[in-house]
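Accompanying notes for the structure given below.
The values are calculated or read from the model by the stated rules, or taken from the named source; none is laboratory data. All values derive from a computational prediction rather than experimental measurement. Glycine also receives a Cβ, built like all others from the backbone with ideal geometry; neighbour counts cover every protein chain displayed. Surface areas here come from the heavy atoms of the whole protein model, side chains and all, with no ligands, DNA or RNA. Shrake-Rupley method; radii C 1.70, N 1.55, O 1.52, S 1.80 Å.
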Amino acid sequence: MRVTPARLRFWILILGGALVAAIAVFFIYGRWQGRRLGHDLPYGLGNSIKQSTEGFTYSESRGGHTIYTLHASKAVQYKSDGHAELHDVSITLYGAQGAPANRIYGKAFDWDPVHGIARAMGEVQIDFQGAATSASQAPKAPAEDGESRSTVHVKTSGLVFNKQTGLASTTEKIEFRLANAAGSATGASFDSQTGVVILTADVAFNSSVNGNPLAVRAHHAQFDRASRMLFLLQDVADYSDAHSSSDQATVSFRADGSAYQVLAEGHVILTGSDGQQINSRIAHIDLGSKSVPEQAVMDGGLLYVANSAARLLHGSASSGTLLFGPQSTVRHAQLRDAVSVVDEEKLPQVNAGKTKQNSQESTTRQMQATKVDIDFKTGPDRSPQAEHILADGGARLNVHTIYTKTPPEDTTVQGDELFATLVDGETLSSLRGTGHTSLVTVSPNGVTQSSKGDNLLLTFAPSHPSAKPGGSKAKSDAPAAQPAAQLQSAVQLGNVTLVQQGAANPGGQTPAVTTATAQRAAYDTATQVVQLSGSPRLQETSGELSANLIEVSRSSGNADATGGVKATYHQTNGQQNMVFTGSGPVHVVADHAHLDHATNLTTFFGKIGEPGRLWQGSDSVAAPVLELSRPHATLFAHGPEGDAAAVNAVFTGSPSTSATPARTNPPTRTPTVVRLQSRTLVYAESDHKAVFTGAVVAQTSSGLLHANFMDVYFAPAAGAQPPGKPSTSNQVSRIVARGAVELQQPGRKGAGEELTYTTADGRFLLTGTSTAPPRLTDQVRGTVTGNALIFNDRDDSVVVSGGTSKAVTQTRVAK
């Protein structure tokens, strides 16, 4: 059972309608009987009563219309104390012309003319014909026994009326009965001068509405005719499976008898058998012209609890408002100040011995905000179903899922405003956040992913209950929880920042943090891809990457960057860094790139006419494809098959010494620049070596070198770092060319199988094979050959190493 406005309306109508009618019937009798017996009968018995075998009859008429008729079977003359008694009394009170008559019956009445007190001796019964409160109301249909359904039967005893004070009262039990209802109270009073009706204690009313039992109880009741207000103390109402109570309630009525306002105060409670309960200190209900609820305001602290076999829902707020639509259905609700709503699904337990699934045990959702507005629609059973929810002022939604075999998963959505759209009143369809939005997810493996932005939109796809084998759905006596909606997509806009924090290592070491920024981030559940656009940038401790578009796969951790790719990698402590000859960061530009999470390999791709380029200081490598592994500090540069000049590289060698005519001046040292071209390049920081393969060409200031393979070695630059500390700056120390080596220098050519060049002294060592020894040709000596030829790029000296005797012939010619 839901606590609905229809049930609230029944409660209001009972407190302000039927109960008041029954009270008024009894005291209308008290007022007429007391006034007529107390004023007319004592003085009329001696000269106006006609004797008959049935007793006597007395009537009073005004303007030709009978006001009342009194019949008694026996009259006792004045006693010594002046009292008079009437027995077997029947009084008929006539209303306006054509209005139904009301009747009063009693065994005996006593009249004290000295004190002006009339007392009913024994039981008194009243039949009150309820009249329409307005001309627009239709007459009541007759009951099955022919009696009008508006007739009220009242029974009591010990009724006392004081003519001087106008007060009628009884301390005995009073009972009243209608066609479909009955009630009672202990003690009652009616002040004919002020029009105040009081039911002293133990007020009770029982009826049925739409076939469901209705019971109203109150410790005390009071009705003020002048203000048309009904007051109840410690009121309790039970309708069907609903229960309501408060310390006191006030019902205000219009002149036509319809209620227009209800004010309940102190421990206001509405409950249902299905575990729903609303608690408030004050409830203020405004009613329409037909006593239909239009608005209900609850203040002084509001608590809501709904506990069933499938879920536990509880919420709180400082105050709340309900707005009602046609047929008393809730159309809007507002909760204000410190709003908190917690919804816990109790999912079925799974036997771990029969399944390997990591199933859910429970899911808890908590909504917090300064203000929450809820729009309702009418469901199939006329019950209200939430359609839209707007949480305003520091809105926060947390979803906590507990699993059977792994740690829990936690998701939190925040924003200045959160707007949710629901299907069937429970299933989330979409969630929109505006202003300072954030989304934080902590996975069972401990990885924390968060995002922040100006706006956020989450869409959900409903999940369907699983079926038993054979297609039949599982049966259960307990109500099943509504299947939770599954995230379908997420879009965040405006100044987006995404952060991923890995789980802490067993040793307590904090993992690296990856940060991404963009103007737009979009996530699709089907592909599990996060798409970043609008100047996207990936950042972590050791570097950053930017592009026109970045796509990250949450399932694999891989990423793709497209258009205008730029990357920068910094030198970090505790990690092997890639250092060519520079000491600063490594930069890369490319058309697009792919980041492989498993291998931690980043592949950069150029485009036609614009290869990818990597540089550090004055060193650079350009190629159609650059594969960079930062953990291993390796680089693999290459191009398509058949591209002989795919790779182009520039490195700085050791400074060389130039000869000077004046010995008094120190030699001038200038750095050697080496330019290389090849099909592929493989560089490994651990070996301090770059391997060029395929039609390799190296160019220095002294000439050109061709070979099939070429190894370029790097060594720490002299004086680049204090002793005992690793170098952050390298330089080319030597070059080893292998296979079909050809050397071209001004006035000199060399050929062989292998050539070693050291940049520090400009020395060349050229060797060949036994069948093809090295050869060196210059303009002075012609052709020189031997097992090994040693020469220098700073003069024309040539050292020729002989055969097995290793005889050496040295010829020096000044340049």
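Under 19 Å from a label point set 7 Å out along the Cα-to-Cβ vector of T777, the amide N atoms of the range 681-711 belong to 703-707. Is the range 306-460 best put as rounded, prolate or oblate by its Cα gyration tensor, with a ≥ b ≥ c the root eigenvalues, rounded for a/c under 1.5, and otherwise prolate when a/b is larger than b/c, oblate when not? Since a/c reaches 1.5 but b/c is at least a/b, the shape of the range 306-460 is classed as oblate. Taking each residue as 0.36 nm, the span from T321 to S227 lengthens on full extension beyond its C-alpha to C-alpha distance by 31.2 nm.
A convex hull fitted to the Cα coordinates of the range 386-463 yields 93 cubic angstrom per residue. For the range 157-195, trypsin sites (Lys or Arg not before Pro) are listed when DSSP marks them as loop and at most 12 other Cβ atoms sit within 10 Å of their Cβ; the list is empty. In this simple spin-label model, placing a label point 7 Å from the Cα along the Cα-to-Cβ direction at both H436 and D241 gives a separation of 4.3 nm.
What pairs in K107/K163; K566/K689; K452/K607; K452/K689; K74/K173; K689/K749 have C-alpha atoms more than 32 Å from each other? With Cα atoms farther than 32 Å apart: K452/K607; K452/K689.
Most tightly packed first, judged by the mean number of other beta-carbon atoms within 10 Å of their residues, the peptides 229-242, 512-525 read 229-242, 512-525.
Phi angles across the range 751-762 convert, under the Karplus curve 6.51 cos²θ - 1.76 cosθ + 1.60 with θ = phi - 60°, into 3J(HN,Hα) values of 8, x, 9, 8, 9, 10, 10, 10, 6, 5, 10, x Hz, Gly and Pro given as x.
A cut-off under 12 angstrom between Cβ atoms defines the neighbours of G739, and their net charge, with Lys, Arg +1 and Asp, Glu -1, is -3.
Would you grab the residues whose amide H sits under 5 Å from the one on Q488? Only those 5+ places off in sequence or on another chain, please, with H modelled 1.01 Å from N. Here T459, F460, A461 satisfy the definition. Checking every one of the trypsin sites (Lys or Arg not before Pro) in the range 274-311 against DSSP loop status and a limit of 15 other Cβ atoms within 10 Å picks out K290. Per-residue Karplus couplings for the range 550-556, computed as 6.51 cos²θ - 1.76 cosθ + 1.60 with θ equal to phi - 60°, are listed in order as 10, 10, 10, 8, 6, 6, 9 Hz, Gly and Pro entered as x. Mind running the shape call on the range 217-329? Use the C-alpha gyration tensor, a ≥ b ≥ c as the square roots of the eigenvalues: rounded below 1.5 for a/c, prolate if a/b tops b/c, oblate otherwise. Since a/c reaches 1.5 and a/b is larger than b/c, the shape of the range 217-329 is classed as prolate.
Taking amide H positions as modeled 1.01 Å from N, with prolines and chain starts lacking one, the residues under 5 Å from G288 and 5 or more places away or on another chain are E294. If R0 equals 60 Å, the separation of the Cβ atoms of D424 and H570 corresponds to a calculated FRET efficiency of about 0.65.
Using the Cβ-Cβ distance between Y403 and S555 with R0 = 25 Å, the FRET efficiency computed as 1/(1 + (r/R0)^6) comes to roughly 0.85. Phi angles across the range 165-178 convert, under the Karplus curve 6.51 cos²θ - 1.76 cosθ + 1.60 with θ = phi - 60°, into 3J(HN,Hα) values of 8, x, 9, 10, 8, 8, 9, 8, 6, 10, 10, 9, 9, 10 Hz, Gly and Pro given as x.
Neighbours of V440 by Cβ distance under 13 Å: Lys/Arg scored +1, Asp/Glu scored -1, total 0.
Annotation: amide H of G325 within the under-5 Å range of V330, R331, sequence separation 5 or more or interchain, hydrogens built in the peptide plane.
Spin-label model, A598/S90: points 7 Å from Cα along the beta carbon direction are separated by 10.3 nm. Taking all protein chains as shown and a probe of 1.4 angstrom, E610 keeps an accessible surface of around 110 Å².
With the simple model of a label 7 Å out from the Cα in the direction of the Cβ, H388 to Q261 spans 3.1 nm.
Go ahead and run the numbers for FRET between E641 and V513, Cβ-Cβ distance against an R0 of 41 Å, rounding to 0.05. Walk me through the numbers before you get to the answer.
Numbers: r = 40 Å, r/R0 = 0.98.
E(calc), rounded to 0.05, equals 0.50.
Peptides 298-309, 385-396, ordered by how many other C-beta atoms sit within 10 Å of their residues on average, highest first, read 385-396, 298-309.
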